[in-house]
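Structure, as structure tokens:
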Amino acid sequence: MEYVAAEQDFTTRRTNPHHFALPFITLLATFTISTPAATIFTIPRPTVLAALATVFLFWAVKGRVFSAFWQFALAYLLAFIPGTLFNINDPDIKTSSALQFFALLITFCVLATYFNEWLTLTRDRTKLRWIHIVLFYVFVVCLLEICFPSAFANVRAYLYHSGNAGNNAIMDSMTRRDADIYGGRPMVFFSEPSNLAKYLSVIIAAYMAITRCSWRSLFALLLFFVLIRSVSYFYAAPAMFIALSRAMFPKTILRRRGILIGRKLFAAMGVGILLIAAVLYTQATRISSGAHGQDGSLQSRIQLPLQFLFTHPAAVLVGRGITPQDEVETYTLMLKAMTSNTAYAPGVSEAVSSTIILIAGTGLAGMAIFFIAMFLFQRSQGVWLVVAFLVSNFINSGYNAPTTIIPTALLLALMVYQFRLGREDRARSREAANSVLVETAA
């Protein structure tokens with residue numbers, strides 16, 4: 001009850017709905033949910049841009065951060081206590097990553113507050129208009145990119161290639177792999193199809209939440225997956241699941257309830273079947289390669305890092321501390337070199353699952369602290385936020401980087417907004433039930 005009262009007090013004090021929030025967030029996401037290859041004064045460009053955006057966002061929210069988000073950041077920090085204490089006599093902290101980590105926690109708090117305020121304070125009609133504009137923009141640019149792939153490739157080379165020949169070679173090999181497996185996929189102006197997919201999944205999830213999974217939102221869900229064909233498109237699956245759950249309970253609780261729920265359920269099942277068919281068709285090559293251990297991306301992101309956890313019990317139990325990514329990536333690269341008969345290249349970064357690296361850093365003890373702290377702060381909502389964070393970032397990479405923090409801020413802001421809608425739905429349902437009882441008694 002205290003948390004709900006604090007939430008209501010926070011929103012009633014705010015009057016600015018941030019009318020142009022979605023275009024700004026789209027621009028921010030384009031260049032921060034991105035490869036760190038391009039740099040500004042030797043600092044990864046996404047980090048610099050995220051820091052500059054944080055200054056504007058902090059001004060936009062008038063220095064106030066919603067408690068749901070600073071509580072999440074605090075619980076996240078507390079999760080590293082066991083690993084820090086266990087390794088206190090053998091510190092192995094990557095200073096640049098640790099500094100980026102603390103800075104981006106501030107970015108997380110203010111960006112999540114900014115997006116949540118836009119969702120909460122802006123009228124549904126206005127929100128939908130901006131969502132339609134963003135989706136139309138993505139759709140048109142996707143079509144142009146399909147028609148003129150070389151032109152867009154040149155633009156991305158200018159935007160994302162760096163002076164480092166190794167980084168450029170990695171990006172070129174990814175582009176060739178994408179062409180071999182998918183025949184090429186649109187990226188709009190993002191650095192990779194998966195980065196576009198992560199951001200777009202949050203926008204589609206917001207569309208589904210605002211419209212209670214309207215036919216248009218479900219059609220957009222299917223259409224953009226077919227266009228982009230990336231598993232990262234399901235980054236916002238937890239928010240999509242909540243939207244579908246709310247759609248099962250229509251606004252008119254006491255009239256035609258069974259018919260409306262049946263329609264929504266039928267629509268969700270139909271889209272679900274089509275999505276499964278689309279996933280199986282578009283990902284057939286990668287599914288087959290993964291089953292035979294030949295998908296390099298799946299190996300380096302999930303399979304080999306999981307082996308690190310299985311072979312390092314201390315990391316699983318108490319964690320390695322705040323920056324374990326170098327140890328996990330080195331292990332992954334060495335094992336990958338052994339299994340693929342290629343040379344081990346020290347200093348090369350691997351796209352390892354953010355969730356797996358986090359578990360290596362916090363261990364099960366830290367994870368327990370994370371869950372317990374969030375439960376004490378926000379009860380069941382806090383637990384669901386942690387679950388969503390771990391599930392979504394299992395397919396993500398970029399630990400302690402904007403590639404993880406920026407989409408996480410947007411996703412959790414959307415989920416907090418959805419939880420608020422759910423509480424309002426239940427309140428209306430109780431009021432409707434009480435009014436029926438009063439009328440019956442009269």
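The values are calculated or read from the model by the stated rules, or taken from the named source; none is laboratory data. Please read these numbers as outputs of a predicted model, since none were measured by experiment. Backbone-built Cβ (ideal geometry, glycine too); neighbour counts: all protein chains shown.
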Lone qualifier among 10, 31, 41, 58 - being over 24 Å from residue 138 (Cβ atoms) and at pLDDT 95 or above: 58
Those residues of region 58-106 which are acidic (Asp, Glu) and in contact (Cβ under 8 Å) with a residue 60 or more places away in the chain, in sequence order: 92
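Residue-by-condition table, conditions (1) at pLDDT 90 or above; (2) surrounded by fewer than 23 Cβ atoms within 10 Å (Cβ to Cβ):
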residue: 139; (1), (2): yes, yes
residue: 144; (1), (2): yes, yes
residue: 151; (1), (2): yes, yes
residue: 164; (1), (2): no, yes
residue: 179; (1), (2): no, yes
residue: 208; (1), (2): yes, no
Would you mind finding the one in 143, 119, 105 that is part of a helix (DSSP H, G or I), over 18 Å from the mean Cα position of the chain (by Cα) and of a type outside the set (Lys, Arg)? 143
Give me the pairs, please: first residue somewhere in region 399-422 and at positive phi and among the charged types (D, E, K, R), second residue anywhere and in a helix (DSSP H, G or I) and surrounded by fewer than 24 Cβ atoms within 10 Å (Cβ to Cβ), beta-carbon distance under 6 Å, and either six or more positions apart or on two chains. none
In region 270-351, which helices (runs of 4 or more DSSP H) lie fully inside it and hold 3 or more residues that are closer than 20 Å to residue 364 by Cα and at pLDDT below 85? none
What tally of residues in region 127-158 results from selecting those that are under 18 Å from residue 204 (Cβ atoms) and hydroxyl-bearing (Ser, Thr, Tyr)? 1
Within region 71-86, identify whether any single residue is assigned to a helix (DSSP H, G or I), more than 30 Å from residue 215 (Cβ to Cβ) and in contact with a Cys (Cβ under 6 Å, 6 or more places away or on another chain), and answer yes or no. yes
